[in-house]
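Asker: For reference, the structure I am asking about is given below.
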Amino acid sequence: MFILGSTNFNAIEDFLPIIIIGVIIIAVAILFTFIPVTLWISALAAGVKVSIFTLVGMRLRRVVPARVINPLIKAHKAGLDVNTNQLESHYLAGGNVDRVVNALIAAQRANISLEFERAAAIDLAGRDVLHAVQMSVNPKVIETPFIAGIAMDGIEVKAKARITVRANIDRLVGGAGEDTVIARVGEGVVSTIGSATTHKKVLENPDSISHNVLNRGLDAGTAFEILSIDIADVDVGKNIGAILQTDQAEADKNIAQAKAEERRAMAVAQEQEMVAKVQEMRAKVVEAEADVPRALAEALRSGNMGVMDYMNYKNIDADTDMRDSIGKLSQDDSESEDE
């Protein structure tokens, strides 16, 4: 038993160095995984003093060290006065640290006054602070669509403008965007065209539109500073005044036709009413004629009329019918001769 135990112990002693080396390798791998040693070496090589414990703290705070240390190295090389806490706090707030540092470097190179807190606020507001700094150095040209206005003579004039703007760093937070600038310029163009007595004056002097619009101070409350407004194209549109007059005449004609139709309908109704009244009067005549035989019978019964009187009445009535028949025959003959 003693001999067997000695053998096992000797075997363990033989593998002990290998086990120790394996543990050391695993420990070093864990160390390099949790602590970005290469990043720490890069920072030391660039002259940025960052301790190992600071990098470990970033890991514990769930901050990607490379997202903070690399911009810090870049800022240090550019001579910017920023520290790890500022960059880390901006990262934790959801900002883009690298873009903010690039914007600060670009602003410093262009002699634009821009503090880190201001740049961070612009970045957290959702605006591209680097693009804003670049636009401050290199102004942007905004082209509007065709804006239609109507001169006093009723002719439509369409104008297209090019707006040269420069970003205003101080008004980027809370300032209006490009859509507001385009809308204000469009309103100014329409107003200027509408105040012209004829469309020919607008065509002769298109620069009057840009001068009038530029003097209105349209960049107030926006994130831009308007440098110039140039009229790129001017076209003549429709004769709106003539179209409106034509439409008004058509509407007046339709109204007159409607009123005439109303009068015709009233006349037809009145005619029908008169026909009904004629029928009513004829009915009354028929009713009155129906009373004649009854009156004759009553006269005969009461003795106010004799038999001879009644016979004379019948003879006169028959003579009248005969005269009517002869008159109708004579009228028919005369009409036949005329044909």
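Asker: So, in region 207-227, exactly how many residues are crowded, with 18+ Cβ neighbours inside 10 Å and either of a type in the set (Val, Ile, Thr) or not in a helix (DSSP H, G or I) (or both)?
Answerer: Count: 8.
Asker: Can I ask one more? With the structure loaded, tell me whether Ile182 is at negative phi and outside any helix (DSSP H, G or I) or whether it fails that test.
Answerer: Working: at negative phi: yes; outside any helix (DSSP H, G or I): no.
For Ile182, the condition - at negative phi and outside any helix (DSSP H, G or I) - is not met.
Asker: Continuing with the same structure: Can you tell which of Gly186, Gly217 is more than 30 Å from Glu115 (Cα to Cα) and not basic (Lys, Arg)?
Answerer: So the residue among Gly186, Gly217 that is more than 30 Å from Glu115 (Cα to Cα) and not basic (Lys, Arg) is Gly186.
Asker: Follow-up. Within the bounds of region 225-244, is there any residue that is hydroxyl-bearing (Ser, Thr, Tyr), under 46 Å from the mean Cα position of the chain (by Cα) and not assigned by TED's automatic domain parsing to the domain that holds Ile122?
Answerer: Within region 225-244, one or more residues are hydroxyl-bearing (Ser, Thr, Tyr), under 46 Å from the mean Cα position of the chain (by Cα) and not assigned by TED's automatic domain parsing to the domain that holds Ile122.
Asker: A further question follows. Within 30 Å of Lys160 (Cα to Cα), in contact (Cβ under 8 Å) with a residue 60 or more places away in the chain and within 26 Å of the chain's Cα centre (by Cα), is that true of Asp219?
Answerer: So Asp219 does not fit the description; no.
Asker: Then there is this: Given the condition in contact (Cβ under 8 Å) with a residue 24 or more places away in the chain, farther than 24 Å from Leu244 by Cβ and not aliphatic (A, V, I, L, M), answer yes or no: does some residue in region 146-159 qualify?
Answerer: No: region 146-159 contains no residue that is in contact (Cβ under 8 Å) with a residue 24 or more places away in the chain, farther than 24 Å from Leu244 by Cβ and not aliphatic (A, V, I, L, M).
Asker: A further question on this structure: Test Thr197 against the criterion of being at pLDDT 80 or above, β-branched (Val, Ile, Thr), assigned to a loop (DSSP other than H, G, I, E, B) and under 25 Å from Asp153 (Cα atoms), and give yes or no.
Answerer: For Thr197, the condition - at pLDDT 80 or above, β-branched (Val, Ile, Thr), assigned to a loop (DSSP other than H, G, I, E, B) and under 25 Å from Asp153 (Cα atoms) - is met.
Yes or no, residue by residue, for (1) at pLDDT below 85; (2) of a type in the set (Val, Ile, Thr); (3) assigned by TED's automatic domain parsing to the domain that holds Asp170:
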| site | (1), (2), (3) |
| --- | --- |
| Val56 | yes, yes, no |
| Leu60 | yes, no, no |
| Leu92 | no, no, no |
| Thr144 | no, yes, yes |
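Asker: Would you mind telling me which numbered condition in (1) surrounded by fewer than 21 Cβ atoms within 10 Å (Cβ to Cβ); (2) within 30 Å of Gly126 (Cβ to Cβ); (3) not hydrophobic (A, V, I, L, M, F, W, C) Arg184 fails?
Answerer: For Arg184, the exception is condition (1).
The values are calculated or read from the model by the stated rules, or taken from the named source; none is laboratory data. Quick caveat: nothing in here was measured; it's all calculated off a predicted structure. Cβ atoms come from the backbone with ideal geometry, glycine included; neighbour counts cover every protein chain shown.
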